[in-house]
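Everything below concerns the one structure shown next.
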Amino acid sequence: MSDIFAFVWVAVGASVAVIFPVLRAYVKEEFPKTADVGIPPWLKRYIGLFAFSLITALICLALWKSQYPTNELHWFTAFLLGFGWESAVEKIGRP
């Protein structure tokens, strides 16, 4: 797998880790009775987390390639790297 496709799969894994809490909150709560204008504050928070996750995906890919420069990175390994490292970095970064 080329580096760009490996990055995409690592980013997909990180994205799933970001999207899961949003979907969980969506399922738990009902839609508000009235429509809000503009971007809700919770969405801004998750957009920032998503950007952070994409940077984590790039770092994760760089770490993998530095350790295994000639090995092929399969999509499922890239996905698990993204999923696992995004949540680990998020937990480490919390006070």
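Structure summary
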quantity: Every pair of residues 6+ apart whose Cβ atoms lie under 6 Å, when the first sits in the stretch 35-58 and is surrounded by 10 or more Cβ atoms within 10 Å (Cβ to Cβ) and hydrophobic (A, V, I, L, M, F, W, C) while the second is modelled with pLDDT of 75 or more and assigned to a helix (DSSP H, G or I); calculated: Leu49/Val18; Phe50/Val18; Leu54/Ala11; Ala57/Val10; Ala57/Ala11; Ala57/Ala14; Ala57/Gly82
quantity: Test: residue in the stretch 2-20 that is under 11 Å from the mean Cα position of the chain (by Cα) and at pLDDT below 75; calculated: yes
quantity: Cross-chain or 6+ apart pairs with Cβ under 8 Å, the stretch 1-22 first and assigned to a loop (DSSP other than H, G, I, E, B), then buried (at least 22 other Cβ atoms within 10 Å of the Cβ); calculated: Met1/Trp9; Met1/Ala78
quantity: Odd one out for Leu49, checked against (1) at pLDDT 75 or above; (2) of a type outside the set (Gly, Ala, Ser); (3) in contact with a helix residue (DSSP H, G or I) (Cβ under 9 Å, 6 or more places away or on another chain); calculated: (1)
quantity: Output for the stretch 21-46, where each listed residue is at pLDDT 75 or above and among the small types (Gly, Ala, Ser); calculated: Gly38
quantity: Considering residues of the stretch 59-77 that are of a type in the set (Val, Ile, Thr) and surrounded by fewer than 15 Cβ atoms within 10 Å (Cβ to Cβ) only, the residue modelled with the lowest pLDDT; calculated: Ile59
quantity: Residue under evaluation Ala57, criteria (1) part of a helix (DSSP H, G or I); (2) of a type outside the set (Phe, Trp, Tyr); (3) farther than 23 Å from Asp3 by Cα, criterion not met; calculated: (3)
quantity: The stretch 60-81, subset assigned to a helix (DSSP H, G or I) and not hydrophobic (A, V, I, L, M, F, W, C), residue nearest to Asp3 (Cα to Cα); calculated: Lys65
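The values are calculated or read from the model by the stated rules, or taken from the named source; none is laboratory data. Please read all numbers here as calculations on a predicted model, not as lab measurements. Positions of Cβ are backbone-derived with ideal geometry, glycine not excepted, and every protein chain shown enters the neighbour counts.
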